[in-house]
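One structure is given here, and the rest of the page talks about it.
The values are calculated or read from the model by the stated rules, or taken from the named source; none is laboratory data. The structure presented is a predicted model; accordingly, all values stated were derived computationally and were not measured. All Cβ positions, glycine included, derive from the backbone under ideal geometry; neighbour counts span all protein chains shown. Please note that ligands, DNA and RNA were not included when accessible areas were found on the heavy atoms of the full protein model with its side chains. Shrake-Rupley method; radii C 1.70, N 1.55, O 1.52, S 1.80 Å.
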Amino acid sequence: MKSIVLLLTCAIALMSCSQGVVDTYGGGIGPELAYGGLSGRTAAEDNYVSFICRQSGAAPGTCSIDWQDFTLAGMNDIDARCDAYLAWLDSRRRTNAPIQTQIADTATTTATIMAATGAGGMAMGIVAAAFGFARNSFDNAQSRLLMEVNHSTVQTIVLSNQDRFRREFAGIQVGSRPTAIYVLRQYLRLCMPYTIENQINSTIVTYQLGGASALANAERTPLIDLASVRREVAKPETKITRPPVTTFSHERYALVATRPNDRSLKLIQSALRAICAPEAEVETPNAHTVSLIKVMQQYRKKRAPLPDKMIDGKMNDGDFAYVAQEPRCTDGVARNFYEMKVYPTGLLSARKDITDLVNDNLPSSEQVPPDADEQTIRRGIAKVRANLGGSLELNDPVLSEQLTLELVEKL
């Protein structure tokens, strides 16, 4: 009973000591900004700043080095402390197994000696229980993730986090003591046990839930970073001006399109490619381009039909909408929109039909042979066009060797 009273008294005394600084258990961090250890903490921080200033190259008693260099010096100091902690952690982990073995060996030796000296069963049971308690107590004291994980894993996590943090710090401008202290506190947390254990646990859970892609996303938002201090510092001499407004002019397409400046360049050029305009004319249209547009307009007028449709060689909204879904004309296969629509693989794919059509309108001395190549067929088309003379609405010389819907209907 006396022992219990003594233990309760010690416990109450310890609780009252801890509550003198912060009521951690009952009130958490507490509602007051000030606390009992504030003056001592401030003095300790002043001493720390003074020593780090000396490490950054300042003379004793001064701190003329800027806060950027101060922060780098503080990070170097933290690296040295972290290396010492990791070395201690490795040593502590290596000693766990020998100590466990020693406890077991001592227990075995003690039991052997007691048996040899004739000790009673109760005494031997008490000793065995004592050694079991010692072994379990040691296990409990050493039982945490850092002692179980391979040391190379712990070291890899810490070093990779430090390297990431330093690369991130290269884009940060530290201009005051509070910012420098915050950065150093963040850097110090990278070597804290809870940070290392948290990363190990979160990595395992994240990988199990989402695989490698989830890990990649998690790396973009690490637990400890400098996002809160990353900002652009506006320089007084920097003048912010609005970029000039770029006005696009498509006047060169006024020859082949209505309201060219109201249309996108991509729309106009895609339409020209669909009617078989050569690439040079896609950039700079000319009279030949106008004739190709007339072929498309005539085809559209007759097939729609659109009796009031004007064939003027200048594409309007309806023309652009009509050719918007058409594929690009294949070079060397078709020479105008009609040929591309009717003979998409070339005139030779319908050689017999075309030669028969041409020969029906030529004298026997000028007829095209059944096995004629494309150029011979086109020369026959030119002769047929010449014989029809002014009866064709589209009789531009640039179309002399080309098939059009109007020509085929007349033949």
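A straight Cα-to-Cα reach below 19 Å connects residue 341 with the aspartates and glutamates 319, 326, 331, 353, 374, 401, 406, 409, residues fewer than 8 places away in its own chain not being considered. Heavy-atom accessible area, probed at 1.4 angstrom with all protein chains present, ranks 179, 404 as 179, 404, highest first. Under a 5 Å amide H cut-off, with hydrogens placed 1.01 Å from N, residue 315 pairs with 257, 258 among residues at least 5 apart or on other chains.
For the pair residue 312 and residue 270 in one chain, pulling the backbone fully straight at 0.36 nm per residue adds 13.2 nm over the alpha carbon distance. In this structure, residue 87 and residue 117 have a Cβ-Cβ separation that, at R0 = 60 Å, corresponds to a calculated FRET efficiency of about 0.85. For the residue pairs 266/352; 314/352; 301/383; 309/410; 266/383, alpha carbon separations beyond 28 Å are given by 266/352; 314/352; 266/383.
For the pair residue 352 and residue 44, label points projected 7 Å from Cα toward Cβ lie 10.2 nm apart.
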